Structures are given as C-alpha cells and as structure tokens.
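Structure first, then comments.
The values are calculated or read from the model by the stated rules, or taken from the named source; none is laboratory data. The structure displayed is predicted, hence computed values, not measured ones. Cβ sites come from the backbone with ideal geometry, for glycine too, and all protein chains shown count toward neighbours. The accessibility values were calculated without ligands, DNA or RNA, using every heavy atom of the protein model including side chains. Shrake-Rupley method; radii C 1.70, N 1.55, O 1.52, S 1.80 Å.
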Amino acid sequence: MRLEGKVALITGGAHGVEGELMGFGGASARLFVQEGAKVVLGDIAVEDGGKTASQLRDAGHDALFVKLDVTNEQDWQNAIETTISNFGRLDIMVNNAGTGAPGDVEETTEDIWQSQMDVHAKGVFLGTKYAIPEMRKVGGGSIINISSIYGIVGSVGSTAYHAAKGAIRIFTKSAAVQYASENIRVNSVHPGFIATPLTRRGFDDPERQEFMLSRIPMGRIGDPYEIAKGIVYLASDESSYMTGSELVIDGGMTAQ
Ligand SMILES: NC(=O)c1ccc[n+]([C@@H]2O[C@H](COP(=O)([O-])OP(=O)(O)OC[C@H]3O[C@@H](n4cnc5c(N)ncnc54)[C@H](O)[C@@H]3O)[C@@H](O)[C@H]2O)c1
C-alpha cells in the first residue's frame, strides 16, 4: 500500500480496460488503486474512460471518470472540483494526455505545431497550475509530467512533438524549483518505444519495427506497466528527495 490515503488525478487515463491494450494512464490507474490510492481519470475518450473507471469500481476501488480536454481551462477547473468534491483532496497529478504528429520541419504546418503545443505544453502547464493550490492545502504533493525520450533527443520526424515534449521537460524543472519549499515535487518521465493504443498502429509496420528494435539495446519494445511502475515510484513517498528529475525508461535507447 505505497499510495494509501492518497488521491490522484490522471489525464489520458481512459485506456485501462481489462483485456485490452493499456496506455500509461490506464496502467497507472490500475497500479495506483492496488497501492491504496483513489483515482480520477480525465480524458476526452469518454467511452473507454467511463468503462475503465466502472471496472475499477466493480473491483472495489474508489475511481471515477471526468471528461477533461487538457487544453481547456474550464475543463480543468471542473476536473479539480470533481476530484475535491468526491475524494476531498489531491495528492498526485499525472499529466499524461497526449497525441502524436509526424513530419519533418518543412512538413509541419502551423496547425500541427499549435495543436502539439496545446495538448502537451499547455496541457501540462494547466494541470500543474490547478493542482498546486490543492496540494498546498494538504501540505505537499507529487506532479508527474509524461514527456518522452523525444523530449531529450531528436529524430528524423515528429518535429512539433519533439518541441512540445521538450517544453514539458524544462517546464517541469522550473515548477520543481518554484514549489520545492512547499513540498510539492515535480518530475518528468521519459518513456522510449512502448506499445500502447497511441503507438500500436505505427509499431505494427514491420519496417518501422525493425528500425526501432535495431536502436534499442535491450532489443524489445516496452510494456505500458514498465512505465506505470516508474510513475508509481514518483507518486509515492519513496521518491521523497526527487524533484526536477528526469526518469528515463527506454531499454537503454538514449544511453548510446
Ligand atoms: N507509447 C509510447 O511509445 C510513448 C513514448 C513516449 C511518450 N509517450 C507519451 O505518453 C503519454 C500517454 O500515451 P500512451 O502511449 O499511453 O497512449 P494512450 O492512447 O493510452 O494515451 C493518450 C491518451 O490521451 C488522451 N488525449 C488525447 N488528447 C487529449 C486531450 N486534449 N485531453 C485529454 N486527453 C487527451 C487520449 O484520448 C488517450 O486516452 C502521451 O503523452 C504520449 O505522448 C508515449
């Protein structure tokens, strides 16, 4: 029970339906409740989010779904209000929602650039901004921002995604410094190539798969639970001296 008594809000948490491929948010929600936390799942995927939350409730856990578009400030206010009115506090904020966008610099339109910046950079900013006052009320908290190895190194495409995930990385350090004295820790997670609902279609392409496997020292694609376990660690008091850190979970890809 590493998260006993804690309340968590997880964005992009819809993909946690039993028997289906999990996303990081869904897998984290499942581990969080096993560790004693109450969870609120925020997502735009209403059907999957509702199903994940009701499965967790059926298994005897405290879980609920709230429709949350992370780019919308009003939605954020509503999600925080829902969390507090149902569970009374907020200890853990996992800013995980995201989408992909391919393309080199010349292929990237202004719309693609803006939408990537909105969902990743602005979404994480708003989530952090609205979590802080609630964490202050309970004497601290842990904010976990899901960036990517693509927020650390470059690649041949995904230009706007790289820029937006890089923004999350440095925003996290800035917030960490600002709120460390209030016991609010802010860390980023940098997953490598992991099979999830977001990536599965691309990863199924044999040519792409071969390219990825050739670049991962451990020689395999990761599992969503391998990321979720890192998120549990950062959410728990076991990481009490970590803030502004980057937790890289990538099978060694960025070690070379
Ligand atoms: N899978 C990978 O290989 C990988 C690697 C590095 C980083 N990531 C990042 O991990 C995070 C989780 O992705 P995942 O791979 O677990 O896939 P996922 O599909 O489970 O998670 C993404 C979720 O975000 C939701 N979402 C999209 N736009 C939203 C918005 N505006 N507001 C609220 N929710 C929104 C989607 O509905 C979806 O449920 C993303 O930020 C992604 O960029 C993934």
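Computed about its Cα centre, the charge dipole of the stretch 99-143 is approximately 660 debye, with only Lys, Arg, Asp and Glu carrying charge at their Cβ.
At 1.4 Å probe radius, can you tell me the per residue accessible area of the chain in Å²?
46
Would you mind telling me which residue in 91, 223, 205 has the biggest mean-square fluctuation in a Gaussian network model of the chain, where springs connect alpha carbons within a distance under 10 angstrom? Comparing 91, 223, 205 in a Gaussian network model of the chain, the most mobile one is 205. Among the aspartates and glutamates, which fall within straight-line cross-link reach of residue 137, defined as a Cα-Cα distance under 19 Å, with same-chain neighbours fewer than 8 residues apart omitted? Candidates past the 8-residue exclusion: 4, 81, 91, 182, 237. With a 1.4 Å probe and all protein chains left in place, how much of the accessible area of the chain comes from carbon and sulfur atoms, in whole percent? Carbon-and-sulfur percentage of accessible area, whole number: 50. Working from label points 7 Å from Cα in the Cα-to-Cβ sense, the residue 86 to residue 229 distance is 2.9 nm. Can you work out the FRET efficiency for the pair residue 153 and residue 117, with r the C-beta to C-beta distance and R0 = 22 Å, to the nearest 0.05? With R0 = 22 Å, the Cβ-Cβ based efficiency is 0.70. Considering only 214, 239, 148, and ranking their Cα positions along the charge dipole of the chain that arises from unit charges at the beta-carbon of Lys, Arg, Asp and Glu, the one farthest toward the positive end is 239. Simple spin-label estimate for residue 205 and residue 105 gives 2.3 nm between the two label positions (7 Å along the Cα-to-Cβ direction from each Cα).
With the largest listed first and rounded to whole Å, the semi-axes of the equivalent ellipsoid of the stretch 3-99 from the Cα gyration tensor are 17, 16, 11. For the options 11, 109, 199, a Gaussian network treatment of the chain with springs between C-alpha atoms closer than 10 Å singles out 109 as fluctuating the most. Taken over the Cα atoms of the stretch 76-204, the convex hull encloses 111 Å³ per residue. If only the Cβ of Lys and Arg carry +1 and only the Cβ of Asp and Glu carry -1, the dipole of the chain around its Cα centre is close to 740 debye.
Rounded to the nearest 20 debye, the dipole magnitude of the stretch 53-180 is 640 debye, with +1 charges on Lys and Arg beta carbons, -1 on Asp and Glu beta carbons, and the Cα centre as origin. Build a GNM of the chain with springs between Cα atoms under 10 Å apart, and of 152, 168, 194 the one that fluctuates most is 152. Per residue, the convex hull around the alpha carbon atoms of the chain comes to 120 Å³. Of the cross-linked pairs 38/67; 122/173; 67/229, those separated by over 20 Å at the C-alpha level are 67/229. Note on the stretch 7-255: dipole from Cβ charges, positive end direction compared against 37, 70, 121; the farthest Cα belongs to 37. Working note: Karplus 6.51/-1.76/1.60 with θ = phi - 60° gives the stretch 251-256 the couplings x, x, 4, 8, 7, 9 Hz, where Gly and Pro are set to x.
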